[in-house]
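The values are calculated or read from the model by the stated rules, or taken from the named source; none is laboratory data. Fair warning: this is a prediction, and the values are worked out from it, not measured in the lab. Here the Cβ positions follow ideal geometry from the backbone for every residue, glycine too, while neighbour counts run over all protein chains shown.
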Amino acid sequence: MFKLQWLVATLACLTFCIGDNVSYDSNAIIINRERRIIFSGSIHYPRSTEAMWPDLIQKAKDGRLDAIETYIFWDRHELQRQKYDFSGCLDFIKFFQLIQDAGLYVVMRIGPYVCAEWNYGGFPVWLHNMPGIQLRTNNQVYKNEMQTFTTKIVNMCKQANLFASQGGPIILAQIENEYGNVMTPAYGDAGKAYINWCAQMAESLNIGVPWIMCQESDAPQPIINTCNRFYCDNFTPNNRKSPKMFTENWVGWFKKWGDKDPYKTAEDVAFLWQDFFNLAASSTIITWERFCFLSNTDEKNDATIDLQGDGKYFVPAWSVSILDGCNKEVYNTAKVNSQTSLFVKKKNEKENAQLSWAWAP
């Protein structure tokens, strides 16, 4: 089945300026009274060297990103309790300053549990060994340590004037990470109490920019809940006043032995993006220049859509077309020109051959 959705929308200004005031409504993040579409990419500062940062940031800017997002890695900064290290590739303050110098924003994801395909999700080992501790739940021992670290990071950013409210690049900050995935089955009522505490603790730090929680469908207000998935086009925030955002656009995942490679092609990524904007704009009725999105969600069958006075348009299976003025195709996601490499298993031609084994000490 193909889906035809029209929208009359006006492209938000993408002109960069450091904002003193960051807020939001159901349509967008608002920086200095200007609604913005923010395109962000991940660069995790401890996964590279200081010398690499300027080039990585410049490549992000050349790729037309507006913002860099990164986790803050607790285990690297506090290897021993209350003994901190922010030197070398752990100098996230310098990293943020370089991002600002390049004219980009920062999305700071403190966590401090980060997952991130990182050892123990970013928790330091000494935390696990504290008497009476239970991690990521309504446990006072854990909450004390989490609040101490989170507060330290926030205070360091304040001292360096890094929040947008201070003229800095940080426009959003995240507390916790994908907790909604495990809260109900693993933590129950204690998990709900914990996530409410997280929100209250974060808001009490008065950073002057919005806080977000990813994968948290019951995020307490005024926290913005965001989506992390392969497909977030149908995601809806839990608050009508929150903008539609996703913090992780998955293009791959762990490979299980014998399974197919879990990744999205460039064409599929493009489809997701355009369908995300299509549905977001259609549901919020934004006033933009005249554009039409033609969406075909059938995975196998192409479609021809008749717009009568504006002509007929061929829309390939699983694709979105964008029409300038609703009468001229300027983009179709199935026509992305990209190289795709696929690895397949082939049957061994010598399947019946006898194998020879030998043991060695």
Revision key, fill the gap. Scanning region 27-80 for residues that are part of a loop (DSSP other than H, G, I, E, B) and small (Gly, Ala, Ser), the one farthest from Asn119 (Cα to Cα) turns out to be Ala28
Exercise for review: Note down all Cβ pairs under 8 Å where the first residue falls in region 341-361 and is at pLDDT below 70 and loosely packed, with under 10 Cβ neighbours inside 10 Å, the second is assigned to a loop (DSSP other than H, G, I, E, B) and not small (Gly, Ala, Ser), and they're at least six residues apart or on different chains.
Suggested key: Leu342/Asp261; Phe343/Asp261
Review point. Give me the pairs: first residue in region 304-320 and without any contact (Cβ under 8 Å) to a residue 24 or more places away in the chain, second residue among the aromatic types (Phe, Trp, Tyr) and part of a strand (DSSP E or B), beta-carbon distance under 9 Å, and six or more apart or on different chains, which are they?
Key: Thr304/Tyr313; Thr304/Phe314; Asp306/Tyr313; Leu307/Trp6; Leu307/Tyr313
Exercise for review: Tell me, yes or no, whether region 86-97 has at least one residue that is over 23 Å from the mean Cα position of the chain (by Cα), farther than 25 Å from Ala51 by Cα and assigned to a helix (DSSP H, G or I).
Suggested key: no
Review point. Which of the residues belonging to region 303-320 are of a type in the set (Gly, Ala, Ser), part of a loop (DSSP other than H, G, I, E, B) and more than 11 Å from Glu267 (Cβ to Cβ)?
Key: Gly311
Practice item. Kindly indicate the residue of region 45-75 that is buried (at least 19 other Cβ atoms within 10 Å of the Cβ) and over 17 Å from Ala102 (Cβ atoms) and also nearest to the chain's Cα centre (by Cα) among those meeting that condition. Key: Tyr71
Revision key, fill the gap. Checked against (1) over 18 Å from Glu178 (Cα atoms); (2) at pLDDT 95 or above, Ile37 satisfies every condition except (2)
Exercise for review: Report whether or not Asn181 is within 23 Å of the chain's Cα centre (by Cα), modelled with pLDDT of 95 or more and under 24 Å from Asn139 (Cβ atoms).
Suggested key: no
Review point. Do any residues in region 174-195 that are more than 15 Å from Gln134 (Cβ to Cβ) and in the same structural domain as Ile68 (by TED's automatic domain parsing) have Cβ atoms under 7 Å from those of residues that are of a type in the set (A, V, I, L, M) and assigned to a loop (DSSP other than H, G, I, E, B), where the two are at least six apart or on different chains, and which pairs are they?
Key: Asn177/Val114
Check your understanding: List the pairs whose first member sits in region 249-278 and is within 18 Å of Val330 (Cβ to Cβ) and part of a helix (DSSP H, G or I), whose second member is hydroxyl-bearing (Ser, Thr, Tyr) and modelled with pLDDT of 85 or more, and whose Cβ atoms are under 7 Å apart, counting only residues at least 6 apart or on separate chains?
Key -> Glu267/Thr333; Ala270/Thr333; Phe271/Ser319; Phe271/Thr333; Gln274/Thr333; Asp275/Ser295; Asn278/Ser295
Check your understanding: Across region 78-132, which residue is nearest to Val22 (Cα to Cα) among those that are modelled with pLDDT of 95 or more and of a type in the set (Asp, Glu)?
Key -> Asp101
Revision key, fill the gap. Flagged in region 307-340 as closer than 18 Å to Leu272 by Cβ, modelled with pLDDT of 90 or more and out of contact with any Asp or Glu (no Cβ under 8 Å at 6 or more places or on another chain), in numbering order, are Tyr331, Asn332
Check your understanding: Which of the residues belonging to region 201-222 are loosely packed, with under 15 Cβ neighbours inside 10 Å and closer than 20 Å to Ile170 by Cα?
Key -> Ser204, Asn206, Pro222
Review point. Among the residues of region 151-178, which ones are buried (at least 22 other Cβ atoms within 10 Å of the Cβ), outside any strand (DSSP E or B) and not aliphatic (A, V, I, L, M)?
Key: Cys157, Gly168, Pro169, Glu176, Asn177
